[in-house]
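To start, the structure itself, in structure tokens.
The values are calculated or read from the model by the stated rules, or taken from the named source; none is laboratory data. None of these values were measured; they are calculated from a predicted model. Here the Cβ positions follow ideal geometry from the backbone for every residue, glycine too, while neighbour counts run over all protein chains shown. Heads up: the accessible areas ignore ligands, DNA and RNA and are worked out on the full protein's heavy atoms, side chains in. Shrake-Rupley method; radii C 1.70, N 1.55, O 1.52, S 1.80 Å.
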Amino acid sequence: MTYKRSIIVTGGAGFIGSHVVRLLVNKYPDYRIVNLDKLTYAGNLANLRDVEQSGNYLFRKADICDFDTVLRLMRQYKVDGIIHLAAESHVDRSIRDPFTFARTNVMGTLSLLQAAKTYWESLPEGYDGKLFYHISTDEVYGALQLTHPEGIPSPSHHLAYGTDFFRETTKYQPHSPYSASKASSDHFVRAYHDTYGMPTIVTNCSNNYGPYQFPEKLIPLFINNIQHARPLPVYGRGENVRDWLYVEDHARAIDLIFHQGKAGETYNIGGFNEWKNIDIVRLLIETVDRLTGKPKGASLGLITYITDRPGHDLRYAIDSSKLRRELGWEPSLQFEEGIERTVRWYLDNQQWMDSVTSGDYERYYEQMYRGR
Ligand code: NAD
Ligand code: TYD
């Protein structure tokens, strides 16, 4: 079969990547979708059980830092689009082990760019019809002030906790090794556009939540801990603010931008949905307790304030009006509805959670792919 498009999604076995792969495989049967993933602790093929038998889907276990393998796969599958999500993604891990973040996020992205350049420049049509789309984070912009601790209501927002927002023009000021490595990778992607004329797009998105998120991140970790009556470790006083987006809304934005975004551009993606950590923790407690038949407030005593994360960014808030104005994207879900859906998913998929927390899936796939 000849495919209309042939796309590599890197990091497709991770949290956001698996939602992007699922959307593309189901929506575009005439596209070939190649999921290229190293299967680190965060990559789990069980996230893609429902699409793995689809004729237009392929999985290839590979490291984005492995230039020769990546180039061979690009040639083999005549790839014309790359959606790059593979990364080390957890701030706390980056504080303990910054080198792994530099290796994958910086060197891995550079290696992937160079492989795409080598392959696409070897074709008669060159960069025509090609796109290198890099998925990044709002954390590259640093932290905003929290000037209104009680929150300012506005028609487009849940609440805003300050008057400034991250825009596409905001200066990069990363604070954690994670955000520093993502900032560096963003710069390399733009450099390949400006220097070599490669068609590239960068998007910077706010915090995602939803099914299949690794339970080291706030929302799935706390859902699991509430369910099992384990302590809920809240950094500092829980006053930090994040702007939350349901993962399927991010995947929809990625699909739209991949098809209609303008090469050389940057788009911010966010839900106009700022929440203080402690308010999220209370909402999670209320939801999990209700859905598991516990009395109201039964788990409030699990909240445990712990020493703050070093360099902890106070407030993130994305202005995604460029994406709304130019491409018509809007988030589809209210946060309370998204949280209800998310909590139900984790409660209904206890086996997924157990296999992830026990590390069983890593051992299983290590054996399966050994020597390949
Ligand atoms: P994740 O940690 O859940 O998944 C990362 C995936 O990348 C895993 O499948 C892992 O196996 C794979 N991977 C890691 N190193 C690799 C390597 N060297 N070669 C090939 N594959 C490798 O991450 P996520 O939360 O899904 O985030 C995906 C992307 O979106 C990242 O680039 C992240 O910076 C960005 N992002 C995440 C969020 C969020 O809230 N999670 C928000 C904005 C942007
Ligand atoms: P996280 O999910 O790690 O995402 P990020 O650091 O990329 O924003 O954390 C979200 C917020 O929750 C952040 O302000 C740190 C806080 N947090 C806790 O208070 N306790 C925890 O155990 C975790 C994982 C996060």
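Key figures
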{"item": "Helix axis angle, 15-27 relative to the chain longest principal axis, alpha carbon, degrees", "result": "60 degrees"}
{"item": "MRE, 222 nm, helices only [DSSP H, n ≥ 4, -39500 (n - 2.57), over the chain, to nearest 500]", "result": "-12000 deg cm²/dmol"}
{"item": "The chain, accessible area per residue, ligands and nucleic acids excluded (1.4 Å, Å²)", "result": "42 Å²"}
{"item": "Rel. contact order, % - alpha carbon contacts under 8 angstrom, at least six apart, the stretch 209-288", "result": "41 percent"}
{"item": "Peptide ranges 12-24, 278-290 listed from the most packed, as the mean C-beta count within 10 angstrom indicates", "result": "12-24, 278-290"}
{"item": "5 Å-binned pair-distance histogram of the stretch 136-239 (Cα, whole percent)", "result": "2, 10, 13, 16, 19, 17, 12, 6, 3, 1, 0"}
{"item": "0 to 90° range, to nearest 10: angle between helix 177-196 axis and the chain longest Cα axis", "result": "30 degrees"}
{"item": "For the stretch 1-56: span of alpha carbons on each principal axis (Å, largest first)", "result": "34, 18, 15"}
{"item": "Relative contact order computed over the chain (Cα-Cα under 8 Å; 6+ residues apart), in percent", "result": "17 percent"}
{"item": "Percent accessible area from carbon and sulfur atoms, the chain, protein chains only, probe 1.4 Å", "result": "51 percent"}
{"item": "Eligible lysines near Lys171 by straight Cα distance, threshold 25 Å, same-chain separation 8 or greater", "result": "Lys182, Lys262, Lys276, Lys322"}
{"item": "Degrees between helix 109-121 axis and first principal axis of the chain (Cα, 0 to 90, nearest 10)", "result": "30 degrees"}
{"item": "Between the stretch 190-238 and the stretch 277-346, the alpha-carbon center distance in angstrom", "result": "12 Å"}
{"item": "Aspartates and glutamates with Cα under 18 Å of Lys117, excluding same-chain neighbours fewer than 8 positions away", "result": "Asp63, Asp66, Asp68, Asp80, Glu125, Asp128, Asp186, Asp194"}
{"item": "Share antiparallel - DSSP beta bridges, the chain, percent rounded to 5", "result": "15 percent"}
{"item": "Lys4 paired with Glu265, simple spin-label distance in nm, labels 7 Å along Cα-to-beta-carbon", "result": "2.1 nm"}
{"item": "Scaled radius of gyration (Cα, divided by 2.2 N^0.38 Å) that the stretch 9-106 gives", "result": "1.09"}
{"item": "Most mobile listed residue (Gln173, Gln213, Gln351) in the chain, GNM with C-alpha springs under 10 Å", "result": "Gln351"}
